[in-house]
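A short write-up of the structure that comes next.
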Amino acid sequence: METPQPQAPGPAPLTVPPPANPTLTGRTALVTGAASGIGRACAQALAAAGAHVHVVDKAADAAKSLAEAIGGTAWVADLAVPDVVDALPADVDIVVNNAGLQHVAPVHEFPPDRFALIQRVMVETPFRILRRTLPGMYERGWGRVVNISSVHGLRASPYKSAYVTAKHALEGLSKVVALEAAEHGVTSNCVCPGYVRTPLVENQIADQARTHGISEEEVVGRVMLERSAIKRLIDPGDVAEAVLWLCGPRTGHITGTSLAMDGGWTAN
């Protein structure tokens, strides 16, 4: 009788440990959508590396709690209101444009007001933030812009016209900033993850189950990860590690790029 072999443990959830030698001491970062998901992980990672982080989110309690935990500053702001950007700090060294939202529907049924809202939050707001923060970075001769794009900034999927449009636009904005900012010591890049285990994605699972008429379990396996070679959702800490690296001292020649973290999706 064969002796059962022990099963290898699955991958442990990743966290972002504080670096041995903080590399961003004295720097200031602004992270939008920072109260949860990718934004929260980025704020934690940047703070652990020594930066003072401005935590921007409309979820007041969560933003204040995180800011207190990491020694940052909370800014409660609804980024769907264009002028609210004018009240945010402009004197920052690092900008992480992360805030976003999703709506799933075919184009012929997509609500125009929802389409406009997604463009406002995910395209116009990053533009407005960079318009205010870039002059200070130029003056200091150093800056890092990291735009949290998506595999949907590189590829399209059905039923996501507003989100795909916005992410493609964010990719374009990022590249223009890279070209304009290079002479000032400022880099601009996109990080393009596939499906990350965040509240936004968790909500999508239910939406897509209704749209496709299948179970939530089938949405993850058949819809979300169908084109990914790695069949598991990405941990927000993985994305934060990439953002932190792009903000570090060894990436001054990396600009205008789109770093795909898609489990092999775009390799197809």
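Modelled spin labels at LYS231 and HIS253, positioned 7 Å past Cα toward Cβ, are 4.0 nm from each other. Expressed in Å, the radius of gyration and Dmax of the Cα atoms of segment 181-268 are 16.1, 52.
For LYS175, the aspartates and glutamates whose Cα falls under 15 Å of its own Cα, not counting residues fewer than eight places away in the same chain, are GLU183. Between GLU202 and ALA80, the simple spin-label model (points 7 angstrom out along Cα→Cβ) gives 2.1 nm.
With a 1.4 Å probe and every protein chain left in place, work out the accessible area per residue of segment 121-268 in Å², rounded to a whole number. It would help to have the intermediate numbers written out before the result.
On the way: 6600 Å² over 148 residues.
On a per-residue basis, 45 Å².
Partners of LYS58 within straight-line reach, counting lysines whose Cα lies under 23 Å from its Cα and excluding those fewer than 8 residues away in the same chain: LYS167. Taking N as the residue count of segment 84-207, its C-alpha radius of gyration divided by 2.2 N^0.38 Å amounts to 1.12.
Subtracting the Cα-Cα distance of ARG140 and LEU117 from 0.36 nm times their residue separation leaves 4.9 nm of extension gain. Label separation (THR266 vs ASP238): 1.5 nm, computed from points 7 Å beyond Cα along the C-beta direction. Once the Cα atoms are used to define both axes, helix 60-70 deviates from the longest principal axis of the chain by about 70 degrees. Note on TRP245: accessible area approximately 130 square angstrom, rounded to 10, probe 1.4 Å, nucleic acids and ligands left out.
Magnitude of the charge dipole for the chain, about its Cα centre and with charges confined to Cβ atoms of Lys, Arg (+1) and Asp, Glu (-1), is about 360 debye.
Normalising the average separation of contacting C-alpha pairs (under 8 angstrom, six or more residues apart) by the number of residues puts the relative contact order of segment 33-83 at 33 percent.
By the rule of a C-alpha distance below 17 Å, with chain neighbours fewer than 8 residues away ignored, the aspartates and glutamates paired with LYS231 are GLU202, GLU216, GLU217, GLU218, ASP262.
Would you mind putting 129-135, 52-58, 160-166, 64-70 in packing order, based on average other-beta-carbon counts within 10 Å, highest first?
52-58, 160-166, 129-135, 64-70
Can you work out D for the chain in µm² s⁻¹ from Stokes-Einstein, where Rh is the Kirkwood radius over C-alpha pairs, the temperature is 20 °C and the viscosity is 1.002 mPa s? Present the calculation step by step, with values, prior to reporting the outcome.
On the way: Rh = 19.1 Å.
It comes out at roughly 112 µm²/s.
The values are calculated or read from the model by the stated rules, or taken from the named source; none is laboratory data. Since this is a predicted model, take the numbers as computed values, not measurements. Quick reminder, even Gly has a Cβ in these numbers, built from the backbone with ideal geometry, and neighbours come from all protein chains shown. Keep in mind that these areas ignore ligands, DNA and RNA; they rest on the heavy atoms of the full protein, side chains included. Shrake-Rupley method; radii C 1.70, N 1.55, O 1.52, S 1.80 Å.
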